[in-house]
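The structure appears below as structure tokens.
The values are calculated or read from the model by the stated rules, or taken from the named source; none is laboratory data. For clarity, every value in this text was computed on a predicted model and none was experimentally measured. Virtual Cβ from ideal backbone geometry, glycine too; neighbours counted across all protein chains shown.
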Amino acid sequence: MKNSCLTLLTIICIAVVACNHKGKKLVTPIVDTSEIHEVSLLNLIVAPEKYRGHKVRTFGYLNLEFEGNGIYLHKEDYENGLFKNALWVEMSPDSIRRPEIRQHIKSYVMLEGTFEEDEGHMDLFSGTIKNISRIIKWGNDAPTPKKEIIKFPPPRPTK
């Protein structure tokens, strides 16, 4: 009887100590997405898991039209409907109608936004760039970039 009481008392003491122990909490690492990663469209298409949720800066041929907002590896990819060589560009119709954005349609651009690893619009594209923060016309015929920078307001929270 004495041994069983001692064993029970030991178990209770261990349980009390274990309950009161304040050890380190396990913390899930958070990806710092505030840094912009300059990455090629090819890398976003080939290894999308590396950039999921990250802010990215990439270069490509931009087309904005109803059901066809995309940034393509090459102009020829757009002209030949090679959607898997492109990322869907998520922009509101109101944004696309703005003259300072319309002048970038069907030209090479530098684009900044948040990358999402998905199948793009209607599963046609190889991913999505959303929350666009900047577009600059790129290439030999592009005006001085300082005049072409388009700043977007931060996205509105969704309900």
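Can you pull out every residue in segment 69-96 that is among the small types (Gly, Ala, Ser) and under 23 Å from Pro154 (Cα atoms)?
Gly70, Ser92, Ser95
Confirm whether Glu112 is within 18 Å of Trp138 (Cα to Cα) and at pLDDT below 95.
Answer is no for this residue.
Please work out which one of (1) part of a loop (DSSP other than H, G, I, E, B); (2) at pLDDT 85 or above is the condition Trp88 fails and give its number.
(1)
In segment 96-107, how many residues are exposed (fewer than 14 other Cβ atoms within 10 Å of the Cβ) and assigned to a helix (DSSP H, G or I)?
Total satisfying the criteria: 4.
Applying the selection to segment 46-80, what residues are of a type in the set (Gly, Ala, Ser) and within 19 Å of Arg98 (Cβ to Cβ)?
Hits for segment 46-80 are Gly68, Gly70.
Restricting attention to segment 53-85, which residues are in contact (Cβ under 8 Å) with a residue 40 or more places away in the chain and closer than 17 Å to Trp138 by Cα?
Val56, Arg57, Thr58, Phe59, Gly60, Tyr61, Leu62, Asn63, Leu64, Gly70, Ile71
One residue is enough: does segment 41-48 have a residue meeting the conditions closer than 27 Å to Arg156 by Cα, at pLDDT 95 or above and within 16 Å of the chain's Cα centre (by Cα)?
yes
Of the residues in segment 40-85, how many are out of contact with any strand residue (DSSP E or B) (no Cβ under 9 Å at 6 or more places or on another chain) and outside any helix (DSSP H, G or I)?
Matching residues across segment 40-85 total 7.
Take the residues of segment 68-95 that are closer than 24 Å to Gly53 by Cα, out of contact with any helix residue (DSSP H, G or I) (no Cβ under 7 Å at 6 or more places or on another chain) and of a type in the set (A, V, I, L, M): which is surrounded by the fewest Cβ atoms within 10 Å (Cβ to Cβ)?
The residue in question is Met91.
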